[in-house]
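Input: a single structure, listed below in structure tokens.
The values are calculated or read from the model by the stated rules, or taken from the named source; none is laboratory data. Quick caveat: nothing in here was measured; it's all calculated off a predicted structure. Every residue, glycine among them, receives a Cβ derived from its backbone with ideal geometry; neighbour counts consider all protein chains shown. With ligands, DNA and RNA removed, areas are computed over all heavy atoms of the protein, side chains included. Shrake-Rupley method; radii C 1.70, N 1.55, O 1.52, S 1.80 Å.
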Amino acid sequence: MLLEEVPVAVDSFNHDGGVLFFCSHAHEDHLKGLNKKWRKGPLFASAITRQLLLLKWPSLEITALELGRTYQIPLMDGLEIEVYLIDANHVPGSVMFLFSGYFGSVLYTGDFRLHEKHQDIASLAPVRDLVGPFLQVNFGSFSKTGDKGLSRIYLDNTFCDPRFQQPSREDVAAAISKRFRRKWPCIIFVESYRLGKETLLLHLAQKLRSRVLVSEERKKTMRACGFESDQVQIQSCDPLQASEDLLQTEALRGCIWAISRQNLRKGMWQASDSGCAFHGIRATGWAEQARKEESMPSCEDLDENLVAVSDDGVFHYLYSDHCSFLELVQFLQFLPKAPVTFISPVGSSEGTYSFDGADGIQKLMASASVPSIRYSERPTRCFEKTSLPRAKRKAEGPHEEDGYEQKKSAGA
Ligand SMILES: [Zn+2]
């Protein structure tokens with residue numbers, strides 16, 4: 001997204017001329033436009049994200065920034081901005097960016113999950129010997145909402161709807177290990193992307209006194225993230241290529257086997273054919289959508305063990321690297337009141353993960369006393385249903401082609 005206040009682009013890399021680029025974390029959908037020949041401008045990221053990007057594109061030039069330090073970075077026109085990185089508690093290397101300068105201060109959360117450390121976000125103190133003129137002014141008034149205080153919050157709105165009430169990742173991990181201790185030993189296939197769920201995989205390995213089997217690429221990723229445990233081992237072959245003997249041996253020893261989403265069920269069929277003991281786990285914040293796709297029990301009916309089991313035997317856990325709706329409200333309450341811009345488009349009449357964005361916008365404004373929320377709508381081929389009525393289009397014109405802004409009415 002290209003910020004409105006300053007020539008800075010976060011997690012979008014197709015802009016030309018005089019723009020500073022920042023990458024909040026290394027999930028694929030935040031790397032659009034990057035490739036091995038990319039040279040559009042200075043690129044900044046946390047040290048872990050830099051390592052992950054270099055695994056993919058070794059020739060990229062990326063400046064690593066530490067968390068908790070203030071950096072001054074020159075802009076093209078003689079001005080400069082300051083940036084301060086905050087742990088986003090989303091996946092390894094993920095950060096929020098606090099930009100300060102002539103425009104005041106702008107917080108870009110990127111994808112994040114609320115952490116208790118975020119309670120102190122309004123009282124962040126810059127390291128004294130690194131304080132520059134802009135940040136000094138802005139941090140001084142940051143918690144007082146002065147003219148140069150927090151001017152905008154770019155917010156991760158992935159689950160900005162009251163229906164999303166995912167429990168903490170710690171609680172879900174504990175529920176999973178408790179359930180499968182009773183079924184041990186066996187193979188536990190855990191669906192995972194290339195990045196994310198490292199803590200869950202290691203938690204299971206520790207609680208079950210076992211190992212995590214991963215692909216060579218996944219092992220490199222985990223090493224780049226600082227997970228150097230002996231309990232993470234490279235699989236001897238892809239689970240879909242595994243022989244009956246191998247599957248039976250692994251099941252008798254017991255193992256946690258990381259597997260891609262598209263291969264989860266195929267891996268389970270393979271294990272089933274071999275006659276070994278196995279289980280499959282999907283741990284995702286999108287369990288609500290999975291229910292629609294896979295005719296599984298409603299997530300509102302998750303049992304006390306936080307699990308729902310689909311007809312094909314997959315255990316679905318509501319495990320999210322993003323904030324629940326209530327956590328979004330809490331997070332905003334830790335900050336000075338400032339206008340919000342949603343990072344992701346809202347609503348869709350036909351999107352894979354569609355939900356009506358209107359309810360989330362209304363309830364977030366009411367619960368967190370947000371003065372205004374700016375957002376764009378997800379493009380859709382079906383125009384019969386929109387998440388908000390046209391009358392709510394921003395009066396002076398949207399900031400994007402399909403942008404909207406909802407403001408509190410006077411006295412609200
Ligand atoms: Zn992400």
Check: Out of (1) among the polar types (S, T, N, Q); (2) without any contact (Cβ under 8 Å) to a residue 40 or more places away in the chain; (3) away from the ligand (no atom under 16 Å from the Cβ), what's the single condition that is false for SER215?
Finding: (2)
Check: Where in segment 227-344 are the helices (runs of 4 or more DSSP H), entirely inside, with at least 1 residues that are modelled with pLDDT under 90?
Finding: 287-294
Check: Say we look at segment 29-39 and pick out the residues that are touching a Phe, Trp or Tyr at 6+ places or on another chain (Cβ under 8 Å) and under 19 Å from THR158 (Cβ atoms); which of these is surrounded by the most Cβ atoms within 10 Å (Cβ to Cβ)?
Finding: LEU31
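Mind checking which residues of segment 86-110 are over 14 Å from LEU155 (Cβ atoms), away from the ligand (no atom under 16 Å from the Cβ) and open to solvent by less than 10 Å² (accessible area, probe 1.4 Å)?
PHE99, SER100, GLY101, GLY104, SER105
Here's the yes/no breakdown for (1) β-branched (Val, Ile, Thr); (2) surrounded by fewer than 16 Cβ atoms within 10 Å (Cβ to Cβ); (3) at pLDDT below 95:
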site	(1), (2), (3)
VAL10	yes, no, no
SER24	no, no, no
GLY41	no, no, yes
SER46	no, no, no
GLU61	no, yes, no
GLU66	no, yes, no
Next item on the list: Name every residue in segment 14-41 that is among the hydrophobic types (A, V, I, L, M, F, W, C) and either away from the ligand (no atom under 16 Å from the Cβ) or touching a Pro at 6+ places or on another chain (Cβ under 9 Å) (or both), in order of residue number.
Entry: VAL19, LEU20, PHE21, ALA26, TRP38
Checklist line | Hey, GLU82 surrounded by 15 or more Cβ atoms within 10 Å (Cβ to Cβ), in a loop (DSSP other than H, G, I, E, B) and more than 16 Å from the ligand (Cβ to nearest atom) or not | finding: no
Next item on the list: Name the residue, out of GLU244, GLU250, GLU228, GLU217, that is crowded, with 16+ Cβ neighbours inside 10 Å and either of a type in the set (Asp, Glu) or not assigned by TED's automatic domain parsing to the domain that holds ALA174 (or both).
Entry: GLU250
Item checked: Selected residue (criterion: farthest from the ligand (Cβ to nearest atom)) from residues of segment 42-60 that are over 16 Å from TYR108 (Cα atoms) and polar (S, T, N, Q) -> SER59
